[in-house]
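The values are calculated or read from the model by the stated rules, or taken from the named source; none is laboratory data. Everything numeric here is computed off the predicted structure, so don't read it as measured data. Note that each Cβ is placed from the backbone with ideal geometry, even for glycine, and that neighbours are counted across all protein chains shown.
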């Protein structure tokens with residue numbers, strides 16, 4: 001019997017070469033990326049009298065830069081006319097091209113106030129000595145991962161990506177935002193005003209932008225059309241899942257005003273409130289899975305063991321563990337789970 005192959009989600013599809021106008025005055029270019037579960041990142045461009053602003057210019061490295069400049073030429077956007085780069089959050093498929101764009105054009109780089117690359121900068125985004133932030137690899141050519149709140153180590157990014165990031169870090173133009181936005185700040189782009197919406201959860205520095213005149217929202221990775229973003233802000237807030245829920249509720253309040261949602265991956269959609277609620281339901285269902293798994297085990301279990309009940313074998317790893325931890329901590333803080341540390345690892349029992 002032939003096994004059924006699940007069709008890919010929108011966000012997993014390879015980058016299209018077409019250049020699309022997806023909202024009034026907003027052009028989309030899909031850039032190639034090579035990351036687990038993703039096939040492209042949407043880079044958006046907007047024009048005004050001074051030139052162009054770009055949102056999320058893709059990964060670092062020569063191949064990604066060539067891909068970006070090829071797309072810009074196809075869109076008729078001269079590199080020299082780019083004056084602003086907006087970075088929605090601190091993942092390399094979103095900020096990777098920003099430093100070279102600034103080096104080539106002098107463009108300002110705009111992010112949320114909390115923008116920080118975890119393995120390169122401290123949580124508050126302050127610069128530290130490069131060698132402290134990004135040490136040499138060990139004798140085997142790899143980097144040690146950081147300790148996790150639940151015990152054990154979270155592996156560093158792949159060696160090839162780390163080498164690219166290390167080279168960038170030594171550049172004076174390395175991804176240091178020149179302008180940082182706070183909640184409700186207004187930035188003028190493409191002859192209109194955009195309101196900054198801080199939406200922590202996927203990362204601590206997730207930034208959405210909303211144009212009230214045309215009802216357009218850039219949702220970054222916070223709200224995606226067919227997949228749920230990874231809950232990655234697990235080193236700061238006491239309850240990462242609640243923080244994510246609160247951010248979903250925040251963008252949902254814009255539902256009646258929003259006509260077009262422009263995500264960082266996947267296709268354009270319109271119902272921001274409905275999609276935010278669907279993502280919340282997905283995570284509530286996962287809380288139920290953890291309750292059932294813990295009851296069936298009848299004993300405390302580590303985050304890594306509990307993760308096997310939420311994610312398939314091929315999805316196991318640090319991202320699965322961190323999301324499982326966020327759910328277990330949410331249950332603990334609701335008074336529905338107990339935790340103990342055994343041999344350096346947190347073990348949970350869900351009541």
Can you spot a residue in segment 297-305 that is assigned to a helix (DSSP H, G or I) and touching a residue at least 60 places away in the same chain (Cβ under 8 Å)?
-> yes
Has segment 225-237 got at least one residue that is touching a helix residue (DSSP H, G or I) at 6+ places or on another chain (Cβ under 6 Å), within 23 Å of residue 58 (Cβ to Cβ) and part of a strand (DSSP E or B)?
-> no
Regarding residue 275, is this residue touching a residue at least 12 places away in the same chain (Cβ under 8 Å), crowded, with 18+ Cβ neighbours inside 10 Å, assigned to a helix (DSSP H, G or I) and in contact with a strand residue (DSSP E or B) (Cβ under 9 Å, 6 or more places away or on another chain)?
-> yes
Segment 1-37, subset surrounded by fewer than 22 Cβ atoms within 10 Å (Cβ to Cβ) and touching a helix residue (DSSP H, G or I) at 6+ places or on another chain (Cβ under 7 Å), residue farthest from residue 79 (Cα to Cα) | 37
With respect to residue 347, is the statement that it is crowded, with 18+ Cβ neighbours inside 10 Å, out of contact with any helix residue (DSSP H, G or I) (no Cβ under 7 Å at 6 or more places or on another chain) and either within 24 Å of residue 243 (Cα to Cα) or in the same structural domain as residue 232 (by TED's automatic domain parsing) (or both) true?
-> yes
Residue 290: in contact (Cβ under 8 Å) with a residue 40 or more places away in the chain and under 30 Å from residue 42 (Cα atoms), yes or no?
-> no
Scan segment 244-266 residue by residue and report those that are in contact (Cβ under 8 Å) with a residue 40 or more places away in the chain, surrounded by fewer than 19 Cβ atoms within 10 Å (Cβ to Cβ) and assigned to a loop (DSSP other than H, G, I, E, B).
-> 259
